[in-house]
2 protein chains.
Amino acid sequence: MTASREEFEARLRQIGADRYHDKHPFHHMLHGGECSPAQVRAWVINRFYYQASIPMKDAAFMSRVDDPALRRAWRSRIEDHDGHGENEGGIERWLRLADAVGLDRDYVASKAGVLPATKFAVDAYVRFVREKPLLEAVAASLTELFAPKIHADRIKGLLANYDFADDRSMSYFKRRRTSNGFSRSRIISSACAGLITRCCGAGNRCRWTTCWIFPTSSSARPVIPARPLTRFWNGRADRATSPQQS
Amino acid sequence: MTASREEFEARLRQIGADRYHDKHPFHHMLHGGECSPAQVRAWVINRFYYQASIPMKDAAFMSRVDDPALRRAWRSRIEDHDGHGENEGGIERWLRLADAVGLDRDYVASKAGVLPATKFAVDAYVRFVREKPLLEAVAASLTELFAPKIHADRIKGLLANYDFADDRSMSYFKRRRTSNGFSRSRIISSACAGLITRCCGAGNRCRWTTCWIFPTSSSARPVIPARPLTRFWNGRADRATSPQQS
């Protein structure tokens with residue numbers, strides 16, 4: 001049994017609608033102003049590990065692609081995070097957020113405060129893209145289709161509820177909201193048309209949707225189980241806070 | 001026993017002077033106008049496999065680097081080959097050379113005519129950079145320091161000796177001769193200063209110089225042992241030649 005291309009795309013979009021990590025209770029807490037300063041810092045410290053690993057994940061993908069056109073399209077993902085020309089890049093913008101919430105940016109960049117569970121989840125994602133069949137690696141990376149909405153929600157929620165939120169500290173999310181993720185995903189989908197057509201067969205559809213579920217699922221994102229870890233995080237985040245801002 | 005930085009650099013440069021692949025008899029034949037059309041085509045077909053694999057090698061390296069500054073410096077290598085903005089990239093320029101020597105560019109790009117020995121050598125280089133310690137992967141990639149000279153020799157020799165050589169078909173070598181390989185290597189050397197300092201110890205020096213020898217050595221380059229393979233290559237290259245140009 002074979003799905004049409006439209007049915008297949010609708011099925012993928014439904015997975016995002018059902019399972020993308022904007023559903024996680026932590027994000028509702030964060031955007032609703034219910035996180036303590038220490039919880040926000042914990043999120044900034046841990047989310048940085050994801051942020052910093054993404055260009056390595058995308059380079060791992062490119063290292064397996066023998067089509068220069070697909071590599072060129074994919075390279076813009078690395079430029080988004082590492083910077084290019086006048087664009088300082090997402091990693092630098094994330095460190096501005098670290099400054100704003102009272103963390104020492106060198107401490108954040110050192111990744112010394114990252115939880116083992118965060119490392120486990122992020123490293124598993126990078127390894128997935130490095131080792132799985134190319135089709136699955138593409139699928140696992142196209143969840144940026146859903147990112148603009150969560151970034152818009154985040155900007156709105158943080159600006160409304162936290163003193164640290166301003167144009168400078170929100171620059172990461174503002175850039176991601178307006179970045180070319182959607183059009184790029186279309187280009188990449190087009191470059192992968194052969195792969196997508198092949199995967200419309202029932203067996204491959206299962207594989208594609210499974211690997212689509214992987215990164216959209218909250219369990220594979222460095223979302224902090226914030227409530228039970230508050231005490232633990234207070235300790236870690238306190239240690240990392242600049243004295244004048246704590 | 002520890003070498004000074006200057007002694008260490010001098011030792012590295014000596015390896016290039018002694019062993020870089022411009023010493024290979026094939027290159028003397030090629031630059032001296034002694035290659036038959038079929039031998040030139042065989043070189044173009046096989047060297048393309050190296051050309052096409054280099055961005056994958058460089059992406060494999062970047063996928064292991066957690067320093068955004070080093071990744072940014074390294075990314076320009078991929079841009080040189082895959083293209084960026086107005087720069088069409090080395091892969092496209094190599095295919096112009098394929099056109100000029102009477103090959104079907106789709107055949108060259110398909111890699112169907114590449115010899116097993118070429119694949120073996122190039123794949124070994126990519127695997128080396130993918131799997132070896134990062135220090136060795138850096139060292140294995142810095143032989144572009146020596147590339148401007150062989151490209152200058154090649155432009156001069158091909159223009160003097162072959163009808164196919166003109167500005168358009170030589171664009172790959174012209175770009176490589178003037179590309180930023182040298183200054184980039186200095187940036188990367190600087191970014192790797194810690195690695196280089198560490199490897200000035202005798203044990204690591206051996207390891208560094210060993211992996212420097214690997215890609216400079218002609219045995220690890222897709223240089224065709226042209227004389228014994230002429231008959232074989234005539235067959236392959238004939239099959240790949242556009243009828244109107246054979």
**Item:** Qualifying GluC sites (Glu not before Pro) for the range B:29-107 [loop in DSSP, other Cβ within 10 Å: at most 11]
**Value:** B:E86
**Complete:** iface A-B | buried accessible area, total | probe 1.4 Å | Å², round 100 | 1800
**Message:** Given axes a ≥ b ≥ c from the Cα gyration tensor, I'd like to know whether the range A:8-87 is rounded (a/c under 1.5), prolate (a/b larger than b/c) or oblate.
**Reply:** oblate
**Request:** Would you please classify the overall shape of the range B:88-151 from the alpha carbon gyration tensor, given that a ≥ b ≥ c denote the square roots of the eigenvalues, rounded means a/c under 1.5, and beyond that prolate means a/b larger than b/c while oblate covers the rest?
**Result:** oblate
**Asked** Carbon-plus-sulfur fraction of the accessible area of the range B:33-142, 1.4 Å probe, in percent?
**Response** 52
**Request:** Please check which bits of the range A:45-82 a label hung off A:E88 would reach, taking the label as a point 7 Å along Cα-to-C-beta and the cut-off as backbone N under 15 Å.
**Result:** A:81-82
**Complete:** Shortest first and in nm, the label-point separations between B:K111 and its counterparts in the other identical copies (7 Å out along Cα→Cβ) come to 2.9
**Asked** Under a point spin-label approximation (7 Å from Cα along Cα-to-Cβ), what is the A:D166-A:A10 distance to one decimal in nm?
**Response** 4.9
**Prompt:** Looking at the range B:23-175 from every direction and averaging, what is the projected area of its Cα convex hull in nm²?
**Reply:** 9.4
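The values are calculated or read from the model by the stated rules, or taken from the named source; none is laboratory data. This structure is a prediction, so every number in the text was calculated from the model and none was measured. Every residue, glycine among them, receives a Cβ derived from its backbone with ideal geometry; neighbour counts consider all protein chains shown. Areas reflect the complete protein model, heavy atoms only, side chains present, ligands, DNA and RNA absent. Shrake-Rupley method; radii C 1.70, N 1.55, O 1.52, S 1.80 Å.
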